[in-house]
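Enquirer: Below is one structure. I have some questions about it.
The values are calculated or read from the model by the stated rules, or taken from the named source; none is laboratory data. All figures in this text were calculated on a predicted structure; none of them were measured in a lab. Cβ sites come from the backbone with ideal geometry, for glycine too, and all protein chains shown count toward neighbours.
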Amino acid sequence: MLPLGKVRNEILKKVILENLPITDDKVLIGPKEGFDAAVLEYDEDNYLVIATDPILGVPKEHFGFFTYHFASSDVAVFGAGPRWLIVDLLLPPGTRKEDLNFIMEELKEECKKYSTSVVGGHTGIYKSIKDFTATTTALGLVRKDKLKLPVAKPGDEIVITKGVA
């Protein structure tokens with residue numbers, strides 16, 4: 001049985017990545033160990049950076065904030081500002097209109113702060129959902145000469161200047 005959380009790198013490589021062919025030559029960086037975003041040729045000057053992240057286990061009062069930031073930070077690591085979002089909200093039975101409104105207002109504030117547009121998504125309330133859950137896809141452009149590749153590796157030390165979410 002697989003453990004909870006992100007799958008281990010050996011499963012990622014042998015089960016997932018080996019079954020994901022890339023047939024488009026516009027893909028510069030596709031699914032890969034250690035990379036949380038894809039990089040695609042966009043035009044003569046820019047790359048398109050795309051990342052998707054789930055949001056779960058986050059308190060309602062911070063849900064809109066993290067719905068924006070989880071995937072957006074993966075795009076920003078590559079030097080691209082998150083320009084567009086696609087947001088999929090899956091909500092449990094009993095969700096109040098006020099809860100949804102609070103989440104959306106918080107998401108709107110983050111989008112305004114970073115000049116990001118939500119361009120699509122899905123919102124629904126489902127019996128099988130027990131807690132607020134979302135998946136966000138963030139897309140951003142970066143000039144080809146400004147692309148940054150992540151350099152963190154296992155064993156690196158991380159300095160935290162504020163509390164951990």
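Enquirer: Specify which of the listed residues (Ala76, Ala38, Ala51) is free of Cβ contacts under 8 Å to residues at least 40 places away in the same chain and not polar (S, T, N, Q). It would help to see each step written out before you state the result.
Expert: On the way: Ala76 fails: free of Cβ contacts under 8 Å to residues at least 40 places away in the same chain; Ala51 fails: free of Cβ contacts under 8 Å to residues at least 40 places away in the same chain.
Exactly one of Ala76, Ala38, Ala51 is free of Cβ contacts under 8 Å to residues at least 40 places away in the same chain and not polar (S, T, N, Q), namely Ala38.
Enquirer: Test Asp25 against the stated conditions and say whether it is within 24 Å of Asp156 (Cα to Cα), among the acidic types (Asp, Glu) and either in a loop (DSSP other than H, G, I, E, B) or touching a helix residue (DSSP H, G or I) at 6+ places or on another chain (Cβ under 9 Å) (or both). Let's see the steps before the verdict.
Expert: On the way: within 24 Å of Asp156 (Cα to Cα): no; among the acidic types (Asp, Glu): yes; either in a loop (DSSP other than H, G, I, E, B) or touching a helix residue (DSSP H, G or I) at 6+ places or on another chain (Cβ under 9 Å) (or both): yes.
No; evaluated as a whole, the condition is false for this residue.
Enquirer: Just to be sure I understand, how many residues within segment 82-107 are over 15 Å from Ile50 (Cα atoms) and in contact (Cβ under 8 Å) with a residue 24 or more places away in the chain? Step through it out loud before you land on a result.
Expert: Step one: list which residues in segment 82-107 are over 15 Å from Ile50 (Cα atoms), which gives 88-107.
With in contact (Cβ under 8 Å) with a residue 24 or more places away in the chain added as a condition, the list becomes 88-93, 95, 99, 102-107.
The qualifying residues number 14.
Enquirer: Looking at segment 53-98 only, could you name the residues that are part of a helix (DSSP H, G or I), surrounded by fewer than 19 Cβ atoms within 10 Å (Cβ to Cβ) and modelled with pLDDT of 95 or more? Talk me through it step by step, then tell me what you get.
Expert: Going through segment 53-98, the residues part of a helix (DSSP H, G or I) turn out to be 60-76, 97-98.
Checking which are surrounded by fewer than 19 Cβ atoms within 10 Å (Cβ to Cβ) leaves us with 60-62, 65, 73, 97-98.
Of everything in segment 53-98, those that are part of a helix (DSSP H, G or I), surrounded by fewer than 19 Cβ atoms within 10 Å (Cβ to Cβ) and modelled with pLDDT of 95 or more turn out to be His62, Phe65, Ser73, Lys97, Glu98.
Enquirer: Another one. In segment 34-50, what residues are exposed (fewer than 10 other Cβ atoms within 10 Å of the Cβ) and either touching a helix residue (DSSP H, G or I) at 6+ places or on another chain (Cβ under 9 Å) or modelled with pLDDT under 90 (or both)? Reasoning before the result, please.
Expert: From segment 34-50, those exposed (fewer than 10 other Cβ atoms within 10 Å of the Cβ) are 43-44; that's our starting set.
Within segment 34-50, Glu44 is the sole residue that qualifies.
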